[in-house]
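Chemist: Input: one structure, supplied below.
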Amino acid sequence: MIWEVFRQEKSGGYHKHCGNVHAPDRELALQFAAIQHGRRMKTHSLWVAPQREIGEIDADEMSFGGMTDKTYRWATSYTDIEPAAPEVAESEAEQADVEHSLEADS
Amino acid sequence: MDLETVKERAGPRQFAPKDDMPEKYRKAATRMIQFHANSEVMGGYLEKPFIRQAPSIDRKLAFSAKVQDEIGHAQLLYRAAESLGIKTREEMLDELANGEGKFLNCFHYPMESWHEVPMIAFFVDGAAMHRQATLKNTSWTPYAHAMDKVCFEEGFHVKHGESILSELMNGSKATQEKTQEAFELWWPRIIQFFGPTNDKSVHNDFAQQVGLKTKSNDELRDTFLDTYVPKAEKYGLEIPEYPRIEYDEAEETYHVNEDDLDWDEFWTIAKNDSEGSHEQIGSRAHAQAAVEWVRESMDSWEQASNTGTPQAAD
Ligand SMILES: [Fe+2]
Ligand SMILES: [Fe+2]
């Protein structure tokens, strides 16, 4: 059986997919994951989930955000407005990053 | 984990669902996140009619995107609240419908004209974002993760709201006057967004001790005023004489004279007992009942597909 492995680098962070392992049950999957994925990389916690329990939908089946013109929902579109506060500027910067990566892909 | 340990370890993203948290922590966090989630729902409902009333196609698109975002924020937050193991999403939604669920004071008032829109979309979203940015450092990790996504989206809300304000304040004299009127009506409510001064607020201390909150009501209100008073003035809005707001030269921050605010009204609202509360809760409950059949059919579908899963042998 195959188990997908998710690694969290530090406490409070996100568990991000990092690979998978063969194992007959959850307990061994955790041990194998710890050996294969937690030994070298900085690790605070690991999750395992059976591969068959994972659902997927991809860009062939679905048009995800950024594929159609939705400029009205980006802070960056309101060019005549200066961000009112630091937290607004921060949000706008995060959005700009995503916009750039969408542009780079298309 | 006992309460002493919790207070010692309290810090940004310190606690997660796998930690054995004391009931007092879990209840306080549930109360706070449920309130936040409810407020997202009620804010979304208050703004929903303005998708239809928006004066241009751009505003309409932006408004419908914004309302979608708010309902999405509520969903994220109910998940974060559920992860504390005190209440289910179902229970929290029912509490909101039957009038037990508490939510932000500003969303208990009717909003009728387009001139009022930036009072919510700029000032209240601005206030909310000001607070939410500090909650990225809350001690309950699922809450902090929800804030990452919420803050990512909120920048658009605040700028969109400010763009509406700018447009109105550059409009005809009559438009400017109506906007000023709306501002005078909403301004005290916006200040009350941050609640009463620290010593009057009941849950404040504990929430700060265990790291659920990182800033006090007072700090948040003052720094909000520092940014948004000059903004209002920049667009030509006049700050009403009451509540008195004074600039403290030494501390370089604004303070509000709390006695000038209507706290009876605030506490009536906090009990969901104002006329507006009944109105807003009632119309939301009505909407929830109208789509009961959707939830029911999803539940029965879920049950039907679950019976296919093999049971563990014992
Ligand atoms: Fe929101
Ligand atoms: Fe918002």
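Chemist: Report the gain in length on full extension from A:Ile2 to A:Ala96: 0.36 nm times residue separation, minus Cα-Cα distance, nm rounded to one decimal.
Modeler: Numbers: separation 94, 0.36 × 94 = 33.84 nm, distance 3.76 nm.
Full-extension gain reported as 30.1 nm.
Chemist: Distance in nm between label sites at B:Arg89 and A:Glu56, each 7 Å beyond Cα in the beta-carbon direction?
Modeler: The answer from the label model is 2.5 nm.
Chemist: Can you give the extra length, in nm with one decimal, that the chain gains between B:Glu252 and B:Glu100 once fully stretched, where that is 0.36 nm per residue apart less the Cα-Cα distance? Each step should come with its number before you reach the end.
Modeler: Values: separation 152, 0.36 × 152 = 54.72 nm, distance 4.02 nm.
Gain in length upon complete extension: 50.7 nm.
Chemist: Check each residue of region A:80-106 and keep those whose accessible area, probe 1.4 Å, is at least 40 Å² smaller with all protein chains in place than in the chain alone; give them in order of residue number.
Modeler: Correct list: A:Ile81, A:Ala84, A:Glu87, A:Val88, A:Ser91, A:Glu94, A:Gln95.
Chemist: Mind checking A:5-13 for the average number of partner chain beta-carbons within 10 Å of each residue's beta-carbon? Provide the component values of the computation, followed by the final result.
Modeler: Values: counts 0, 0, 0, 2, 0, 1, 8, 13, 4.
Per residue, the average neighbour count from other chains is 3.
Chemist: In Å² (nearest 100), what accessible area is buried between A and B, both sides summed, heavy protein atoms only, 1.4 Å probe? Let's see the in-between values first.
Modeler: Numbers: alone 8450 and 15920 Å², together 22100 Å².
For chain A against chain B, roughly 2300 Å² becomes buried.
Chemist: For region B:122-253, how many pairs of lysine residues have a Cα-Cα distance under 23 Å, where the two are 8 or more positions apart or belong to different chains?
Modeler: Going through region B:122-253 pair by pair, I get 17.
Chemist: Oh, and also: Can you work out the FRET efficiency for the pair B:Lys60 and B:Glu279, with r the C-beta to C-beta distance and R0 = 30 Å, to the nearest 0.05? Mind dumping the intermediate values first?
Modeler: Numbers: r = 25 Å, r/R0 = 0.82.
FRET efficiency, B:Lys60 to B:Glu279: 0.75.
Chemist: When ligands, DNA and RNA are left out and all protein chains stay put, how many square angstrom of accessible area per residue does region B:1-47 have with a 1.4 Å probe? Working shown, then result.
Modeler: Details: 2100 Å² over 47 residues.
Value for region B:1-47: 45 Å² per residue.
Chemist: At R0 = 60 Å, how high is the FRET efficiency between B:Lys234 and B:Ser305 if r is their beta carbon distance? Nearest 0.05 is fine.
Modeler: On the way: r = 56 Å, r/R0 = 0.93.
Calculated transfer efficiency: 0.60.
Chemist: Just to confirm the filter: which trypsin sites (Lys or Arg not before Pro) across region B:176-254 are DSSP coil and have at most 14 other Cβ within 10 angstrom of their Cβ?
Modeler: Working: sites: B:Lys178, B:Arg189, B:Lys200, B:Lys213, B:Lys215, B:Arg221, B:Lys231, B:Lys234, B:Arg244; in loops: B:Lys213, B:Lys215, B:Arg244.
Passing sites in region B:176-254 are B:Arg244.
Chemist: Do any GluC sites (Glu not before Pro) in region B:150-188 lie in a DSSP loop with no more than 16 other beta carbon atoms within 10 Å, and if so, which?
Modeler: Details: sites: B:Glu153, B:Glu154, B:Glu162, B:Glu167, B:Glu177, B:Glu181, B:Glu184; in loops: none.
Answer in residue order: no site qualifies.
Chemist: Shape call for chain B from the C-alpha gyration tensor, a ≥ b ≥ c root eigenvalues: rounded (a/c under 1.5), prolate (a/b greater than b/c) or oblate? Don't skip to the end; give the middle numbers.
Modeler: Details: a/c = 2.01, a/b = 1.31, b/c = 1.53.
It is oblate, given that a/c is not under 1.5 and a/b is not larger than b/c.
Chemist: Run the quick spin-label model on B:Asp205 and B:Glu219: label points 7 Å from Cα toward the beta carbon, then report their separation in nm to one decimal.
Modeler: For the pair B:Asp205/B:Glu219, the computed spacing is 1.8 nm.
Chemist: Using a/c under 1.5 as the rounded threshold, could you call region B:198-276 rounded, prolate or oblate? The axes a ≥ b ≥ c are square roots of the C-alpha gyration tensor eigenvalues, and prolate needs a/b larger than b/c, oblate otherwise. Spell out each step's value before the answer.
Modeler: Values: a/c = 2.08, a/b = 1.22, b/c = 1.71.
It is oblate, given that a/c is not under 1.5 and a/b is not larger than b/c.
Chemist: Over region A:39-106, give the accessible area per residue in Å² for a 1.4 Å probe, as an integer. Working shown, then result.
Modeler: Numbers: 5000 Å² over 68 residues.
About 73 Å² of surface per residue is accessible.
Chemist: Region B:14-28 to region A:29-59: how many Å between their Cα centroids?
Modeler: 25 Å
Chemist: Here's something else I'd like to know. Any idea how far apart A:Glu82 and B:Ser172 come out in nm if each label point goes 7 Å out from Cα toward Cβ?
Modeler: In this crude label model, A:Glu82 to B:Ser172 measures out at 3.1 nm.
Chemist: Let me ask something else about it. Can you give the mean number of other chain Cβ atoms that lie within 10 Å of the Cβ atoms in peptide B:145-155?
Modeler: Mean partner-chain Cβ count within 10 Å for B:145-155: 4.
Chemist: What percentage of the solvent-accessible surface of the protein assembly as shown, computed with a 1.4 Å probe over protein heavy atoms, is contributed by carbon and sulfur atoms? Don't jump to the answer; show the numbers that get you there.
Modeler: Working: 11260 of 22100 Å².
Carbon with sulfur: 51 percent of the solvent-accessible area.
Chemist: Once you have a ≥ b ≥ c as the square roots of the Cα gyration tensor eigenvalues for the protein assembly as shown, tell me rounded if a/c is under 1.5, and otherwise prolate or oblate according to whether a/b is larger than b/c. Don't skip to the end; give the middle numbers.
Modeler: Values: a/c = 1.68, a/b = 1.53, b/c = 1.10.
In terms of gyration-tensor shape, prolate.
The values are calculated or read from the model by the stated rules, or taken from the named source; none is laboratory data. Just so we're clear, the structure is a prediction, and the values are computed from it rather than from any experiment. Here the Cβ is made from the backbone with ideal geometry for all residues, glycine too, and neighbour counts use every protein chain on show. Side chains included, ligands, DNA and RNA excluded: accessible areas come from the protein's heavy atoms. Shrake-Rupley method; radii C 1.70, N 1.55, O 1.52, S 1.80 Å.
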